[in-house]
1. How far is it, in nm, from the label point at residue 117 to the one at residue 31 when both lie 7 Å from their Cα along the line to the Cβ?
2. Tally Lys and Arg at +1 and Asp and Glu at -1 over the other residues with C-beta under 13 Å from the C-beta of residue 40: what net charge comes out?
3. Apply 1/(1 + (r/R0)^6) to the Cβ-Cβ distance of residue 82 and residue 1, taking R0 = 22 Å, and write down the FRET efficiency to the nearest 0.05.
4. Near residue 17, within a Cβ-to-Cβ distance under 12 Å, what is the net charge of the other residues, with Lys and Arg +1 and Asp and Glu -1?
Amino acid sequence: MIAAVRGGLGFAAADPAAARLLVIGDDDPDWAEARHRMVDSLAARLRAAAGEHALLAAGREEVLICGVLGIVAIRLTLDQAQTLPTVTLEAAEFLLSPYSGDERARRLITDAIDTALAGGG
């Protein structure tokens, strides 16, 4: 899983224009459907990688994928594509924590969500 995350972030860092088109899109009306298919495909791969632990996060895969895509979009928008490989481990942990049973990771994610919902982030 970490290799897949590293590869995706490496691609985005190496070709920010292509990554921007995939993640942020353009005015093409077909873009939303293409992005939806991409998220579905990545979610299916995450589900398959989770194997027997997939039930722990059932139905959350799309949210997890979109979270990582959000990180990519922010870095691309800020012209910081070259920094994307530096968040490989964090992105992988974010994707895998619902499956791992890691209470610390779950607490950190829950706190971040609570802060965002409260308007603090």
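1. 3.0
2. On the way: positive: 35, 37, 45, 47; negative: 33, 61, 62.
Spelling it out: positives minus negatives among the neighbours equals +1.
3. That gives a FRET efficiency of 0.45.
4. Numbers: positive: 20; negative: 15, 26, 79.
Its environment carries a net charge of -2.
No lab work stands behind these numbers, since they all come straight from the coordinates. Remember, predicted model here, so these are calculated numbers, not experimental data. Ideal geometry is used to build each Cβ from the backbone, glycine not excepted, and the neighbour counts take in all protein chains shown.
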